[in-house]
1. Are any of the residues in the stretch 138-149 within 30 Å of ASP229 (Cβ to Cβ) and either in contact with a His (Cβ under 6 Å, 6 or more places away or on another chain) or of a type in the set (Asp, Glu) (or both)?
2. Considering only residues that are surrounded by fewer than 22 Cβ atoms within 10 Å (Cβ to Cβ) and of a type outside the set (A, V, I, L, M, F, W, C), which ones fall in the stretch 261-285?
3. LEU127 passes all but one of (1) open to solvent by less than 40 Å² (accessible area, probe 1.4 Å); (2) modelled with pLDDT of 90 or more; which number fails?
4. Go through VAL262, VAL232, VAL219, VAL237 for me and flag whichever is touching a residue at least 12 places away in the same chain (Cβ under 8 Å) and under 18 Å from ALA120 (Cα atoms).
5. From the list VAL178, VAL246, pick out the single residue that is modelled with pLDDT under 75 and either in a helix (DSSP H, G or I) or surrounded by fewer than 18 Cβ atoms within 10 Å (Cβ to Cβ) (or both).
6. Could you tell me which numbered condition ALA145 fails, if it satisfies all but one of (1) assigned to a helix (DSSP H, G or I); (2) open to solvent by 60 Å² or more (accessible area, probe 1.4 Å); (3) in contact with a helix residue (DSSP H, G or I) (Cβ under 8 Å, 6 or more places away or on another chain); (4) free of Cβ contacts under 8 Å to residues at least 24 places away in the same chain?
7. Given the residues LEU166, LEU134, which is the only one that is in contact with a helix residue (DSSP H, G or I) (Cβ under 8 Å, 6 or more places away or on another chain) and free of Cβ contacts under 8 Å to residues at least 24 places away in the same chain?
Amino acid sequence: MTRTSWAEPVLRRVTGRLVWALLVLWGTASLTFLAQAALPGDRATAILNVRTGNAEARTEAELAPIVREYGLDRPLLVQYADHLAALLRGDLGTSYQQHRPVVEVIADQLGATVALALVAVVLAWVLMVAWALLTAGRGRLVGGAGRLVEVVTAGLPHYWLGVILLLVLALRLGWFPVIGGTGAAGMLLPALTLAVPLAGFLGQATRTELERALGQPFVLSARARGMGDTAVRVHHVLRHALLPAVSLSGWALGAALSGSVVVEQVFTRPGIGQVLVNAVGSQDLPIVVGVVVLVAVFYVVANLLVDLAYLVVDPRLRRPA
């Protein structure tokens, strides 16, 4: 295949994904602005009350500096344009309560959350691959049991699963710290809480392809050459079955980041989950908006990277239409 013949479909796919990414980010930015504008009551009063910690009526003289600082006296469309321009500059605003840039507030805790999400996705892949290889194509009873486990685990709520794992593995068996663990042992249980539902979801997509690949002629040929079942599955079948899971990995990373908000609360871990909960409790809206925008950006970037990796893994996508 010539360079010109595969460059066109690749460029078309990448361009389509970039347009989709920009639309998602624009939609997120617009919704966050509308959420702030639609809040009941006077926004300047709300900001000042959050800053002072006292909920009370304010005079025009007290509110005037807030109105000037946030441009609340300008038309709504102008405020919307300023909101989009600030996001393009990477400016998420200033915390009402902490009087610090939102970027700094989130950056202080972002590393812990990203590390937790990455470990969770890796662990989900390990669980998914191991379970699929053990149960797929093993007959109706074993295969059905494997499929049932994936369906059940994919629907488990993070909060419920985290509490169960804490009660059993931390409190009863004492294998992990109960709260506040920041080392490897402290990260494993929260990561497992995120990974189990992800593994169930990814496993459902992988199982179908794995069972289809097991019936292909190249599998019969490999077994005819004397290759064992495990070797056939690992060396020949698995690479054909993982393409759907690869395409879902961007979603999985975004889901792990959003799910960490709940998991960090259950396990009392540092991270943007704690930042978000504290901001909601104190009505610190810029931080809430900043976290929402950040998660959306992670979703988009992760999916773009996965799409590019998919082009490398699956040569069929590089063929001209």
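The values are calculated or read from the model by the stated rules, or taken from the named source; none is laboratory data. The model shown is predicted, which means the values in this text are computed figures rather than measured ones. Neighbour counts run over all protein chains shown; Cβ positions are idealised from the backbone, glycine included. We work out accessible area using only protein heavy atoms, side chains counted, and drop any ligands, DNA or RNA first. Shrake-Rupley method; radii C 1.70, N 1.55, O 1.52, S 1.80 Å.
1. no
2. Scanning the stretch 261-285 gives GLN265, THR268, PRO270, GLN274, ASN278, GLY281, SER282, GLN283.
3. Every listed condition holds for LEU127 apart from (1).
4. VAL262
5. Only one candidate qualifies: VAL178.
6. Failed condition: (2).
7. LEU134
Conditions (1) under 25 Å from ASP284 (Cα atoms); (2) at pLDDT 85 or above, marked per residue:
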position: ASP73; (1), (2): yes, no
position: ALA115; (1), (2): no, yes
position: ARG138; (1), (2): no, no
position: LEU141; (1), (2): no, yes
position: GLU150; (1), (2): no, yes
